[in-house]
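S.K.: Once you've had a glance at the structure underneath, I'll fire off some questions.
The values are calculated or read from the model by the stated rules, or taken from the named source; none is laboratory data. Predicted model only: the values in this text are computed from it and were never measured. We place every Cβ from the backbone using ideal geometry, glycine too, and count neighbours over all the protein chains shown. Just so you know, the surface numbers come from the protein's heavy atoms only, side chains and all, with ligands and any DNA or RNA stripped out. Shrake-Rupley method; radii C 1.70, N 1.55, O 1.52, S 1.80 Å.
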Amino acid sequence: MPGTNESRVAASRLEALPRLALGHFPTPLIRMRQLERALSAGRELWVKQDDYSGPGFGGNKVRKLEYELAAAVEAGATEVLTVGGIRSNHCRITAALAARLGLGCGLVLNGSVPVQGVGEPASHAMDRWFGAEVRYVEHGSERASAMARWAGELQSAGGRPYMIPLGASTPLGACGFVRAVLELRGQCDSMGWRPGTIVHATSSAGTQAGMLAGLWLAGWEDVEVTGVSADDSAVVIGAEVRRLVRGVEGLLGVPEGMVTAPVRVEDGYIGDGYGVPSEAGREAARFLARSEGVVIDPVYTAKAMAGLLANVERWGTGPLVFWHTGGQLANFVLGPV
Ligand SMILES: Cc1ncc(COP(=O)(O)O)c(C=O)c1O
């Protein structure tokens, strides 16, 4: 709540956190009038385009990495290590930003290793273009230990590695989305409206946790947030969101439990699993491209949009903001170069 002692402390702690201005902010906030018309929606629909946040083809991870990479630089890191799936947006963006900062970058990726060259998933090829060194493991459960071993090797060789957990979903990374909500409030205030509902894709939970803490700080606690899962159940992601919210409260010096907003995770649009495109997602992506010229991705945002389209009159009230978290490169493969 603005104006309270707690919020003043939180705002000044947020301001004092080291952050590298690496992204292009504010990202565009655009009314989707054609989509409103096509759906005969009885409410305003807006898109907050974090796909335009900048380096590494943009996306929600830029906001989190502005904080995590500042911590890495403060710690005197020589390289950053992180983990993700083969086409991880987080890993690609980390690699791009590490290049910009002159840091080495090591990525532990899990999944079946694509053949390099023409036809290779573009995101995977870009990891190499951005100069990252890549190691592979078979399962997601092996990533964190592989990263820790790699850090040990680098330390023994005299390096100073800094490890960033999956999705940069730490309390510190989530602060990127506390700031993001304040950015949205600034844009809305200047246009004279406020949202009733935010819908976005969720997975490692940092985006949603940061948003909930940011809504508290913005005095917008009544704005309803629905995270549409790309992989795990609502129970699993919801617990992680709550854990990260407590962590953000701690970082910002706010009494534990101050952020009381309900955690809404919708897990009905995952389809056949993480990374497997769903028919509803495909249709949603085509529909959005045709009606608004906005490109979404099959792994995260198309599933969130499928949920939005099916529930446009049901999820929350008032103007609805679809928070585009990026990932659009997943639609493309490498051509001849
Ligand atoms: C494009 C995209 N959207 C949404 C998400 C989910 O964000 P979070 O991991 O913070 O829940 C991710 C990353 O996992 C992503 O790459």
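S.K.: Based on C-alpha coordinates, I'd like the Rg and Dmax of the chain, in Å.
M.R.: Considering the chain through its Cα atoms, Rg and Dmax are 19.2, 62 Å.
S.K.: While we're here: Between beta-carbons, use under 11 Å as the cut-off and find the net charge around A151, counting Lys and Arg +1, Asp and Glu -1.
M.R.: Working: positive: R149, R160; negative: E79, E153.
Neighbourhood net charge equals 0.
S.K.: For labels at T260 and D189 in the simple 7 Å Cα→Cβ model, what's the distance in nm?
M.R.: Placing both labels 7 Å beyond Cα along the Cβ direction yields 2.4 nm.
S.K.: I would also like to ask the following. I'd like the GluC sites (Glu not before Pro) in segment 108-199 restricted to DSSP loop residues with at most 13 other Cβ atoms within 10 Å, sorted by number. Present the calculation step by step, with values, prior to reporting the outcome.
M.R.: Numbers: sites: E133, E138, E142, E153, E183; in loops: E138.
Here the GluC sites (Glu not before Pro) that fit, given the DSSP loop and packing criteria, are E138.
S.K.: Taking amide H atoms as placed 1.01 Å from N in the peptide plane, list the residues 5 or more away in sequence, or in a different chain, whose amide H sits under 5 Å from that of C105.
M.R.: Counting only residues 5 or more places away or on other chains, the set is V80, E133.
S.K.: Please compute the length gained on full extension between A289 and A21, using 0.36 nm multiplied by the number of residues separating them and subtracting their Cα-Cα distance.
M.R.: Values: separation 268, 0.36 × 268 = 96.48 nm, distance 3.02 nm.
Residue separation times 0.36 nm, minus the Cα-Cα distance, leaves 93.5 nm.
S.K.: Obtain the nm distance between the two label points defined at E74 and V337 by a simple spin-label model: each point lies 7 Å from its Cα along the Cα-to-C-beta direction.
M.R.: Placing both labels 7 Å beyond Cα along the Cβ direction yields 3.5 nm.
S.K.: Let me ask something additional. Relative contact order of the chain: what whole-number percent is it, with Cα pairs under 8 angstrom and at least 6 residues apart? If you can, show how the numbers build up before the last one.
M.R.: Values: 717 pairs, mean separation 75.1, N = 337.
22 percent.
S.K.: Something else about it: Run through the DSSP bridge list for the chain and note the antiparallel percent, rounded to the nearest 5.
M.R.: On the way: 5 of 39 bridges.
DSSP beta bridges in the chain are roughly 15 percent antiparallel.
S.K.: Follow-up question, since we're still on this one. Could you state the per residue volume, in Å³, of the convex hull enclosing the Cα atoms of segment 229-278?
M.R.: On the way: hull volume 3.7 nm³, N = 50.
With only Cα atoms used, segment 229-278 gives 75 Å³ per residue.
S.K.: Related question: Check E266: other-chain or 5+ apart residues with amide H under 5 Å from its amide H, H built from backbone geometry?
M.R.: G227, V228, S229
S.K.: Please give the FRET efficiency for E6 paired with V113, using the beta carbon to beta carbon distance and R0 = 45 Å, rounded to the nearest 0.05.
M.R.: Values: r = 49 Å, r/R0 = 1.08.
Calculated value: 0.40.
S.K.: For segment 78-159, what D do you get in µm² per second when you plug the Kirkwood radius from alpha-carbon pairs into Stokes-Einstein at 4 °C and 1.567 mPa s? Can you show the working numbers first?
M.R.: Details: Rh = 12.8 Å.
Roughly 102 µm²/s, to the nearest whole number.
S.K.: Residue by residue through segment 154-162, which ³J(HN,Hα) values in whole Hz follow from phi under the Karplus form 6.51 cos²θ - 1.76 cosθ + 1.60 (θ = phi - 60°), with glycine and proline marked x?
M.R.: For segment 154-162, the Karplus curve yields 5, 5, 4, 8, x, x, 10, x, 10 Hz.
S.K.: Using a probe of 1.4 angstrom, how much of the accessible area of the chain is carbon and sulfur, in percent?
M.R.: Details: 7160 of 13530 Å².
Of all accessible area on the chain, carbon and sulfur atoms account for 53 percent.
S.K.: Over all directions, what mean area does the Cα convex hull of segment 1-85 project, stated in square nanometres? Don't skip to the answer; put the middle values down first.
M.R.: Values: hull surface 36.8 nm².
Hull-based average projected area comes out at 9.2 nm².
S.K.: Where nothing but the Cβ of Lys and Arg (+1) and of Asp and Glu (-1) is charged, how large is the charge dipole of the chain around its Cα centre, in debye to the nearest 20?
M.R.: Working: 31 positive and 34 negative charges, 95 e Å.
Its charge dipole is roughly 460 debye.
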